[in-house]
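Have a look at the structure below, then the notes.
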Amino acid sequence: MFDFDIIVIGAGPAGSAAATWAAKGGARVALVDKATFPRNKLCGGLFTERSRAYYREIFGQDFDLSRAVTRHDITFCHAGQEVATLTDIPPLHLTMRLDLDATLFGHALDAGAVDYTGHAISQLTETKITFKNGNSISAPILIGADGVNSIVAKHLFGTAFDTKTIGFGLEIEVPETTQTPANLPVRIDFGAAVWGYGWSFPKKGSTTVGVGGLRAPNPDMKSHMRHYVQSLGFDPDAIKVKGHHLPFGDFRKTPGRDNVLLAGDAAGLVDPITGEGIAFAMKSGQIAAQAALDALAADAPKTALDRHQSGLRDMHRNLRIARTLRRIIFAPRWQKTFTATFRRSGTVRMMYMRLLAGELEYPELARSVVARLPRYLLNSLCG
Ligand SMILES: Cc1cc2nc3c(=O)[nH]c(=O)nc-3n(C[C@H](O)[C@H](O)[C@H](O)COP(=O)(O)OP(=O)(O)OC[C@H]3O[C@@H](n4cnc5c(N)ncnc54)[C@H](O)[C@@H]3O)c2cc1C
C-alpha cells in the first residue's frame, strides 16, 4: 500500500543517522533532501568525542580522523583579553561540514536508503510527500530531520521555531593563504555576543570564525561579528558573512505528532551552552528511527511519537539542566563573576572543557556546581 516504510526528510546528521539506522533495521527508507550532496551547512564543525561515540554506534565504524584537524589545546578570552590557555585537553575534532555531511549521507546510501536528494517538496501530509516535479512517495512513518527551518515542524505546529527563544549565528571562512598566520589557537570568546560567544576554529586550509547566541538580545549581531573579526586581526570587509538560525536550547517538548517524528535541529536539540548540535542530531535521528522500527513492528505507526519521546527523555533532561546552568555562564550580570571564577579555578576550566569536548554530561556538572555554589556566591559577593 505504501512505497516505503519510512520517509526521512533532510539528509544532514539527523536525517542520515535516522536513514542509516532504519535501513540497517530492515526498513524500506526514502532519504529526501532539497539539496544535492556534497552541500555546505553553516557550522563551526566542532565534532566532539560525544559525536564520535554516537557515530561509531550508529554507522558501525570509527570516524576517519584524517578528515579533521584534532587539537588538544584551547584559548579562552573575554572582551579580547586572554582568560586562560589550556593544553592537554580532551580532543577537539574540527571538521568541514561539506565533507562530514557527504560522508554521513554516503553511509545512509550504503545501508540501503533510497536517494531522493535534489528533490524540492511542494506538499506534504502525514503519510505522503509530493515533489515539485509532480511525483510523490508515501510511507506510514515520516521523520522530519530538515533542520531549524523545518517544513515538517511548520506543517505540524504552524512555525518551525519560536522567534523569542531562537539562537542565531554568523560565520566567515578565512582562507589560510590570504589572512591567517599558521598555528592559530582554537579560541572561544565569552562576551563576543550577549547570551552567546565567539569562536575561531583553525582547520585544514581555512579558519572558521563566528559569533552566535540568542537572537532576541542581539539585534546587532552583525556589529558584534564585525567587532570580533576585527579583534582577531582579520578584515571584516574581505569575506562575505553568512548567518543561520540555531535552536539554542529551546527543544520541542513534543517532537512530532503520532506517526510524524522530528529529529535534530527540527526538534530543537542543540546544547544551550556550547552550541553543540551534531551529536544530538545524530543521536535523535537514531532514536527516531528506532521508534519508527518498533512502531512498524507493532503494526501501530501512530505509537511512534510516544516511543520517540521516551527515547529522548535523557537528552531532554540534559538540555533542561543546561538551560538552567546557562544563566550562570551567560547572564550579563553574572559574566564578570563567571569570568573571574573561570580564570581562578582549574576545576571550573576543566569541567567546561570536558563539557565542550563532549566528555561530561550535565547532571554530573550540575551536582558539581551545586556543591561549589556557596563558595562561588561568597566569592562573587566579596567582589
Ligand atoms: C553558526 C553555527 C555554528 C555551529 N557550530 C557547531 C559546531 O561547531 N558543532 C556542533 O556540533 N554544532 C554546531 N552547530 C549546530 C549544528 O550545525 C546543527 O545542530 C546540526 O547541523 C543539526 O543537524 P540536522 O541534521 O538536524 O540539520 P541540518 O544539518 O541543518 O540538515 C538539515 C537538512 O535538511 C535539508 N532540508 C531543509 N529543508 C528542506 C526541505 N524543505 N526539503 C528537503 N530537505 C530540506 C537541508 O538541505 C539539510 O541538508 C552550529 C550551528 C550554527 C548555526
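The values are calculated or read from the model by the stated rules, or taken from the named source; none is laboratory data. Because the structure is a prediction, the values reported are computed rather than measured. Positions of Cβ are generated from backbone atoms using ideal geometry, with glycine treated the same way; all protein chains shown enter the neighbour counts. Keep in mind that these areas ignore ligands, DNA and RNA; they rest on the heavy atoms of the full protein, side chains included. Shrake-Rupley method; radii C 1.70, N 1.55, O 1.52, S 1.80 Å.
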Just checking, how many residues over the stretch 142-170 are within 10 Å of the ligand (Cβ to nearest atom) and within 15 Å of the chain's Cα centre (by Cα)?
10
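Listed here are the residues, each with its yes/no results for (1) crowded, with 19+ Cβ neighbours inside 10 Å; (2) closer than 30 Å to Ser138 by Cβ.
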site	(1), (2)
Thr159	no, yes
Thr208	yes, no
Leu214	yes, no
Lys222	no, no
Arg226	no, no
Gly243	no, no
Gly264	yes, yes
Leu269	yes, yes
Filtered residue count, the stretch 37-63, keeping only those that are farther than 15 Å from Ser16 by Cα and of a type in the set (Val, Ile, Thr)
1
Neighbours by Cβ (under 7 Å, 6+ apart or cross-chain): first from the stretch 95-122, free of Cβ contacts under 8 Å to residues at least 40 places away in the same chain; second not in a helix (DSSP H, G or I) and not hydroxyl-bearing (Ser, Thr, Tyr):
Ser122/Phe131; Ser122/Lys132
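Just to be sure, is Ala193 open to solvent by less than 20 Å² (accessible area, probe 1.4 Å) and either more than 8 Å from the ligand (Cβ to nearest atom) or assigned to a strand (DSSP E or B) (or both)?
On the way: open to solvent by less than 20 Å² (accessible area, probe 1.4 Å): yes; either more than 8 Å from the ligand (Cβ to nearest atom) or assigned to a strand (DSSP E or B) (or both): yes.
Here the answer is yes, as Ala193 does meet what is asked.
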How do the pairs read when you match residues in the stretch 279-302 that are outside the structural domain of Glu359 (by TED's automatic domain parsing) and free of Cβ contacts under 8 Å to residues at least 24 places away in the same chain with residues anywhere that are in a helix (DSSP H, G or I) and surrounded by 22 or more Cβ atoms within 10 Å (Cβ to Cβ), using Cβ under 8 Å and keeping only pairs 6 or more apart or on different chains?
Asp294/Ala304
When you scan the stretch 331-343, do you find a residue that is under 21 Å from Asp88 (Cα atoms) and exposed (fewer than 15 other Cβ atoms within 10 Å of the Cβ), even just one?
no
Is there a residue in the stretch 27-36 that is under 28 Å from Leu360 (Cα atoms) and touching a Phe, Trp or Tyr at 6+ places or on another chain (Cβ under 9 Å)?
no
Out of all the residues in the stretch 108-120, is one or more touching a Gly at 6+ places or on another chain (Cβ under 8 Å) and either under 14 Å from Pro38 (Cα atoms) or not charged (D, E, K, R) (or both)?
yes
Condition (residue is away from the ligand (no atom under 11 Å from the Cβ), farther than 30 Å from Ser231 by Cα, of a type in the set (Gly, Ala, Ser) and open to solvent by 50 Å² or more (accessible area, probe 1.4 Å)) applied to the stretch 57-79: is it met by at least one residue?
yes
Residues (small (Gly, Ala, Ser) and open to solvent by 50 Å² or more (accessible area, probe 1.4 Å)) located in the stretch 94-135:
Ser122, Gly134
Can you tell me how many residues in the stretch 7-46 are open to solvent by less than 30 Å² (accessible area, probe 1.4 Å), outside any helix (DSSP H, G or I) and near the ligand (Cβ under 6 Å from one of its atoms)?
9
Quick one: in the stretch 47-56, of everything that is out of contact with any Asp or Glu (no Cβ under 9 Å at 6 or more places or on another chain) and in a helix (DSSP H, G or I), which residue is surrounded by the most Cβ atoms within 10 Å (Cβ to Cβ)?
Tyr54
